[in-house]
Each structure stands twice: as structure tokens, then as C-alpha cells.
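The values are calculated or read from the model by the stated rules, or taken from the named source; none is laboratory data. Note that the structure is a prediction, hence the values are computed from the model and not measured. Don't worry about glycine lacking a Cβ; one is built from the backbone with ideal geometry, like all the others, and counts go over all protein chains shown.
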2 protein chains.
Amino acid sequence: MQKEHNLSRNQKIIFDLIDKSGEPMKAYSILFNVQKKGIKAPLQVYRALDKLVEIGKIHKIESRNAFIACQNSSCQISKATAFSICESCENVSEISNSKLSKYLSNFSDDSGMKYSKYNLEFFGLCKKCKSK
Amino acid sequence: MQKEHNLSRNQKIIFDLIDKSGEPMKAYSILFNVQKKGIKAPLQVYRALDKLVEIGKIHKIESRNAFIACQNSSCQISKATAFSICESCENVSEISNSKLSKYLSNFSDDSGMKYSKYNLEFFGLCKKCKSK
DNA sequence: CTTATAAATGTTATATTATTACATAGCGTT
DNA sequence: AACGCTATGTAATAATATAACATTTATAAG
């Protein structure tokens, strides 16, 4: 079992927003959306985002500078993330494929590096966009 | 064989700089370094970077907003990139592992997406930093 | 060679993303 | 209460990236 994290006020507001949106959100778009709730400054958003990423409730889509709620029920794999990104409609979803995550988590080469984390982003066309 | 790309003046200046540095360089650090050669504006740098990424001469390290010269002799795999990143010394190197690239290039799942590109970033401690 | 076209360049301004620095408040432990 | 830690508030600014527009250079077709 995972440790249950008690989110602080700002963290909760921001997590709920991202989670409900169901898609990647950018920091300043988040800021805009939570200003009515009293979160006024970028730093307040970035601090909450940092924490939420740290505890695995959200992930950053690096190629898009955006944040998406973790879609793996228990957020067990926040150090091993994989996403599929449609280059046409920009739809993003988290890939939960145990073979893939096993393969990558166990990956090692002769560089002498000890890998403790990875992030993988696949790009392509989603079903809908392919058929257009 | 690959098409030989004739780099333009700015592209050449910027590629040479990145290539010689041997490590990831940030856009504004590049800008600073090429100002004496007449490249004065960020956009000039970003345009060259865009082109160099497009033709596979350099890659963007997304998690670092930095650019590194392709280390695979012929840049054949610019649509299939993998890097190892030391979280202590920030050393980055491109992973050339045919099993890995085959595995990922052939990856598919039941999402219906057609994957045409991927970028993978591994994080950990390099040999040197591990032993400190 | 010249005309057309695409690619690259130059320049200014501005948009977007993210952090520094410093002060204050809340919360759990002893 | 006193301490340590986490979170918050606020202002300023740094770092990363793009828009818009004018001009020049390279490439290819006639």
C-alpha cells in the first residue's frame, strides 16, 4: 500500500482541477482557473505542481510543458512513466503496460549507470486522427 | 544512406558549437556563444535549432530544455531517441542499444494509436557520482 | 540567364514558462 | 511554549520560446 498523502489546500485545489480536466494542463492555464479560489501567483501554482509531481499524483508531460493527473489507480509507477501523445489532436494518455514498464525498469547497459527513473513519450496519430 | 544536408551558415555555426561542446546546451547559452559570429537574436538560434532537430543532427533533451549533438554516427534514429541523464552531475549521453530501440520502435498496444516516434529519458546516477 | 519558389536571415517586440528572495502562517512534536 | 518543518503570500525577475514583418539567399524550372 501507498502512503496516503494529505494534500494541503492549494495542492488539493490544483489537483482537483487537473484531475477533472482529464487532459494535460499548462501552469498558467491552471493559474487562470484557480484565481477565483484565491491562488493568485504563478509560484503558488508551481509549488503545488512540484509537490504533486513528487508524490506521484500528477506527471509532467515534458514535451508539452503540461501536467496530467496520474491515471494509474494507485500512482505506483510515478518513477516509471510512459505516455502516448497524438501529434494531431494533442490527446495524451498514460500507458499502463506491465511488459513495457518491466522491460524499462530492468533496463541496464554497460555505461555503469544505475537507472532509478524514466520517462517515455510516444508520438503518433490516435485512432480518430488517423482516419481523417 | 542518408541524405546529406547542407547546413546554412547559422545552422553550421550553431551545430558546430553544440557538437564541440559534447554536452547539452541551452538556447540562450548558445546565443551568448555565437553573438561574436553575428547571431544576435534568440529567434535566429531557435530557427537553427528547429531545423537541426528536424534533420536529426541534434536532439532536444526535453526534461532539461537543452540540445545535444546526435551521437549516432549517421543520425538514423532521430525519431527514436533515448538518453541517460545523471541527476547529480547532469551528464547526458545518448543510448544506442539496438534491442531497446527495436523493442520501442515495434511497441504497440490496444489503444489504436500508430506510434511513429518516441523519446525516452532515463535518470539515475552515473558511475562517478554513484561512488561519491 | 532569368524568373519563380522555397528556405533562410535579420530585427523588434512580446508571449510563455519558471524561479529567486523574503516575510508570514499553520501544524505536529516534545 | 518552543522547535522544526511544511505550506502560504507577494513582488520582482529570470529563462525559455514565438509572432509578425521585411529582406536576402539558394535552388530549380523554363
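Things to note:
- Segment A:82-95: number of residues that are assigned to a strand (DSSP E or B) and either facing another protein chain (nearest Cβ under 7 Å) or free of Cβ contacts under 8 Å to residues at least 60 places away in the same chain (or both): 7
- Cβ-Cβ under 8 Å pairs, at least 6 apart or on other chains, segment B:107-121 side assigned by TED's automatic domain parsing to the domain that holds B:E54, far side surrounded by fewer than 21 Cβ atoms within 10 Å (Cβ to Cβ) and outside any loop (DSSP other than H, G, I, E, B): none
- Residue satisfying condition, being within 12 Å of another protein chain (Cβ to nearest Cβ) and farther than 23 Å from B:N91 by Cα, within set A:S63, A:S105, A:S111, A:S98: A:S98
- Filter result (farther than 21 Å from A:N119 by Cβ and of a type in the set (S, T, N, Q)) within segment B:17-69: B:S21, B:S29, B:N33, B:Q35, B:Q44
- Residue list for segment B:13-49, restricted to those being more than 6 Å from DNA strand C (Cβ to nearest atom), of a type in the set (D, E, K, R), within 26 Å of B:E90 (Cα to Cα) and surrounded by 12 or more Cβ atoms within 10 Å (Cβ to Cβ): B:D16, B:D19, B:E23, B:K26
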